[in-house]
Amino acid sequence: DGGITQSPKYLFRKEGQNVTLSCEQNLNHDAMYWYRQDPGQGLRLIYYSQIVNDFQKGDIAEGYSVSREKKESFPLTVTSAQKNPTAFYLCASSPRDRQTQYFGPGTRLLVL
Amino acid sequence: EDKVVQSPLSLVVHEGDTVTLNCSYEVTNFRSLLWYKQEKKAPTFLFMLTSSGIEKKSGRLSSILDKKELFSILNITATQTGDSAIYLCAVGTSGTYKYIFGTGTRLKVLA
């Protein structure tokens, strides 16, 4: 089965804690993305990566970090510097022709 | 600054009605416009539009792009309760893999 997987489905973060959200794709797509979705605000781009070992900040990168060591994987770390992390996080990928973008099932992050 | 604006923000209709959702954009170097349906989890892809005036259709859904006036519409005919969702519009630009999303239109179809 080809697709994008995200884990965990739900994640709880304590104050001052860093947490990492996993995103893996087996579609052989070049580009991968992380979006944050808050109620009534659509999708906002956190980071994206066009190739391995390279990534660019999106519109709301502060308090987040990423790595792209393998083509299949693009983990997102929510650091303690992100003061309002409660949101729905979506990972996506697109092929080299950029004809479309496919989404994973999402991770809902909650703060304890 | 690149932006994508969707209207209306929300819409309530009855089964059988026809709805038209709007997406206007102001971006540098337009490449493509994508429509998605989101029902409580990940968005699912509906259409990709790159050329003006060409209508894309899938069953009761259709979409058209006007590159001169910088907007797209998504039409849903004979709506059903299963059409209730958030509909997202995204625009891709040349020279980058970035997509800019609108805030979405929340559609509720009543039985």
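Readers should treat all values here as calculations from the given coordinates under stated rules, not as data from a laboratory. Please read all numbers here as calculations on a predicted model, not as lab measurements. Cβ coordinates were reconstructed from backbone atoms using ideal geometry, including for glycine residues, and neighbour counts include every protein chain displayed.
For B:Glu39 and B:Glu1, a Förster radius of 22 Å and the Cβ-Cβ distance give a FRET efficiency of 0.15, rounded to the nearest 0.05. Bridgeable aspartates and glutamates around A:Lys70 (alpha carbons under 15 Å apart, same-chain partners fewer than 8 residues away excluded): A:Glu24, A:Asp30, A:Asp54.
Taking a straight Cα-Cα cut-off under 14 Å and skipping sequence neighbours fewer than 8 places away in the same chain, the aspartates and glutamates within cross-link reach of B:Lys56 are B:Asp66. Averaging the Cα positions of each part gives two centres, and for region B:68-82 and region A:57-90 these lie 33 Å apart. Put a plus charge on the Cβ of each Lys and Arg, a minus charge on the Cβ of each Asp and Glu, and nothing anywhere else: the dipole of chain B about its Cα centre is then about 280 debye.
The label-point distance for B:Arg31 and B:Asp17, in a model that sets each label 7 Å from Cα toward Cβ, rounds to 3.7 nm. For peptide A:47-53, what's the mean number of Cβ atoms from other chains within 10 Å of each residue's Cβ? Per residue, the number of nearby Cβ atoms from other chains is 1 on average. Peptide B:96-107 has a mean shielding of 5, counted as Cβ atoms of other protein chains within 10 Å of each residue's Cβ. The trypsin sites (Lys or Arg not before Pro) of region B:45-78 meeting both criteria, a DSSP state outside H, G, I, E and B (loop) and at most 14 other C-beta atoms within 10 angstrom of the site's C-beta, are B:Arg60, B:Lys68.
For region A:29-112, the list of trypsin sites (Lys or Arg not before Pro) that fall in a loop by DSSP and count at most 10 other C-beta atoms within 10 angstrom reads A:Lys83. Extension gain, B:Glu69 to B:Lys57, is 2.2 nm, computed as 0.36 nm per intervening residue step minus the present C-alpha separation. Counting neighbouring Cβ atoms within 10 Å and putting the fewest first, the residues A:Ile4, A:Ile46 line up as A:Ile4, A:Ile46.
Here the relative contact order of region B:3-110, from alpha carbon pairs under 8 Å that lie six or more residues apart, stands at 38 percent. Shown is the FRET efficiency for A:Gln56 and A:Lys9, computed with R0 = 25 Å from the Cβ-Cβ distance and rounded to the nearest 0.05: 0.35. Residues A:Cys91, A:Cys23 in ascending order of nearby Cβ atoms (within 10 Å, fewest first): A:Cys23, A:Cys91.
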